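In what follows, a structure is listed as structure tokens, so that the remarks can point back to it.
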Amino acid sequence: MAKYLILGATGGIGEAIAETLHASGHDLHLSGRNADKLAALSGRLGASHTVGDVMEAGAIETIVAEAGDDLAGLVYAIGTINLKPLSKMTMADFSNDFNLNAASAAKAIQAALLASKTK
């Protein structure tokens, strides 16, 4: 079966997707920030995993490299929503949200595509 990389696998959406793909017989490589939750989920699903935070320099590249170059799909189940009133948001708030929700997702796609081209 095909292998899928799930970033944010220990969150509600990421875990539900992991369980669905596992039930369909797919091979999984899971990633998340919480080592204990990630190890438990990986153990339960028989998946490989990498602990990492996509906001740290080089983390995405490391995670994708450890997932291998035979990926059939990528799930970016990471995101944030800032619930501060707009009048209280700072440029740092906007920048952090953009970097996590959009820029890191784009970097993950780029890294996965690069890995698949090296087959």
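Taking K107 as the residue in question, decide whether it is farther than 19 Å from G11 by Cα, touching a residue at least 12 places away in the same chain (Cβ under 8 Å), among the charged types (D, E, K, R) and out of contact with any Lys or Arg (no Cβ under 7 Å at 6 or more places or on another chain).
Taking the combined requirement at face value, the residue satisfies it.
Looking at L38, L74, can you tell me which residue is without any contact (Cβ under 8 Å) to a residue 40 or more places away in the chain, closer than 22 Å to E19 by Cα and within 13 Å of the chain's Cα centre (by Cα)?
Only one candidate passes the filter, namely L38.
Just for helices (runs of 4 or more DSSP H) wholly inside segment 13-119: which have at least 3 residues that are open to solvent by less than 50 Å² (accessible area, probe 1.4 Å)?
Per the criteria, 35-45, 59-67, 104-117.
The values are calculated or read from the model by the stated rules, or taken from the named source; none is laboratory data. Bear in mind the structure is a predicted one, so any value in this text is a computation, not a measurement. So basically every Cβ, Gly included, is an ideal-geometry build from the backbone, and we count neighbours across all protein chains shown. Remember, those area values only see protein heavy atoms, side chains included, never the ligands or the DNA or RNA. Shrake-Rupley method; radii C 1.70, N 1.55, O 1.52, S 1.80 Å.
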